[in-house]
Amino acid sequence: MPNPYIGVESGDNAVLKRINKGYTAEQAREVLEKIDASGLSYIVNFLNGAGGHNYGLSNARLTAKLYSGLHPVMINTSMLTLVPGTPLYRAMEKGAYEESTEFEKLVEIYEFVRCLSNDTIFMNEHASNLFHVQCRLPEEKDALLNYIKNFMERNDEKDLRQYREMVTLAF
């Protein structure tokens, strides 16, 4: 039986409200604690960039805090890609939402990993992600943080933005 995928997205109530998840971080935590108590294996996710411009660190820290002490078999991540026609895209067009830069998304994923305390598999292999890795935490946490840091040093916003625009065309 495959592990259920729980699309939590964020542990930040402001982000959850903005992306219309329909629940709070506290409600998500309560459900995840019940799943843990049942002994069922499950996967959770993190939607990197969902907070928007200048909001990533809060999103990263609060989501890592939400997952702290829980036992997902995997934490899967994806980077927000604004797709034309979606509510968040329309909010951006109206000036009510400003997308994170690609570099901000990298800083956010770095902070998320830095704050994670889970014994789990970290998977960052979605097509929306700027880099793709799968590793074991906490054993490979330092190597992962070094990888992200080096990735940030080797790339610039213009090239990363071109990748995001290419991903957007796939929708």
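The values are calculated or read from the model by the stated rules, or taken from the named source; none is laboratory data. As the structure is a computational prediction, the values presented were derived from the model and not from experiment. Cβ: placed from backbone, ideal geometry, glycine included. Neighbour counts: every protein chain shown. We work out accessible area using only protein heavy atoms, side chains counted, and drop any ligands, DNA or RNA first. Shrake-Rupley method; radii C 1.70, N 1.55, O 1.52, S 1.80 Å.
Summary of computed values
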read-out	value
Note, ³J(HN,Hα) from phi for the stretch 38-48, Karplus 6.51, -1.76, 1.60, rounded to Hz, x at Gly and Pro	6, x, 6, 6, 8, 10, 10, 9, 9, 9, 5
Residues whose placed amide H lies under 5 Å from that of residue 52, excluding near-sequence neighbours	100
Among beta bridges that DSSP assigns inside the stretch 20-171, antiparallel share in %, nearest 5	35 percent
Distance (nanometres) between label positions extended 7 Å along Cα→Cβ at residue 153 and residue 23	4.1 nm
Cβ-placed point charges (K, R +1; D, E -1), dipole of the stretch 68-171 about Cα centre in debye, nearest 20	160 debye
Candidate residues 55, 97, 89: accessible-area rank, largest first, probe 1.4 Å	55, 89, 97
³J(HN,Hα), Karplus 6.51/-1.76/1.60, whole Hz, each residue of the stretch 116-128, x for Gly, Pro	5, 10, 7, 9, 7, 9, 9, 10, 10, 10, 5, 4, 6
Peptides 123-130, 40-47 ordered by average Cβ neighbours within 10 Å, highest first	40-47, 123-130
Residue 166 accessible area, 1.4 Å probe, all protein chains in place, Å² to nearest 10	110 Å²
Trypsin sites (Lys or Arg not before Pro) within the stretch 77-146, DSSP loop, no more than 13 other Cβ atoms inside 10 Å	94
Amide H partners (placed H, <5 Å) of residue 133, local residues excluded	124, 125
For the stretch 129-143, Karplus couplings with θ = phi - 60° (6.51, -1.76, 1.60), whole Hz, Gly/Pro x	7, 6, 9, 10, 8, 9, 8, 9, 10, x, 3, 10, 4, 4, 5
